[in-house]
Amino acid sequence: MSWIDSVLGPDQSESENQNSSQDGSNLSEKDIALDMLAMSKTDIGMLSKVIPETTNPEVRQLLTTQLNGCIASHFKLSDMLITKGWYNAYGTPQEQIKQDIDSANQVLQQQC
């Protein structure tokens, strides 16, 4: 129970989260990290498209700083995922597809 629960009372989504983790439908650390990597790629793409359209030099500098920070964070995150073996960045397309199929089959077996 967090401090906010003591002020506002328990959140309904908290009890729903407890129920979903009992069902085995909660996300793993790998799933969360891969989602963060995908979001990071999206952020970098969006910032790189917005910066050339920005006419205010101060805003452009702010966005450029933000983009550089996003890129640095993306490299750290991808290095961590590669080190843990959760992201096969150097595999051939055939190896990556096989790994995705194996992961999907594991998920299907866990649900049955």
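The single residue among 32, 44 that is modelled with pLDDT of 95 or more and open to solvent by less than 100 Å² (accessible area, probe 1.4 Å) turns out to be 44.
If the condition is being modelled with pLDDT of 85 or more and surrounded by 11 or more Cβ atoms within 10 Å (Cβ to Cβ), then the range 77-112 contributes 77, 78, 79, 80, 81, 82, 84, 86, 87, 95, 97, 98. Taking (1) more than 16 Å from the chain's Cα centre (by Cα); (2) hydroxyl-bearing (Ser, Thr, Tyr); (3) under 18 Å from residue 36 (Cβ atoms) in turn, residue 87 satisfies each apart from (1).
The values are calculated or read from the model by the stated rules, or taken from the named source; none is laboratory data. All values derive from a computational prediction rather than experimental measurement. A quick note on method: Cβ atoms are made from the backbone with ideal geometry, for glycine too, and the neighbour counts reach across all protein chains shown. Remember, those area values only see protein heavy atoms, side chains included, never the ligands or the DNA or RNA. Shrake-Rupley method; radii C 1.70, N 1.55, O 1.52, S 1.80 Å.
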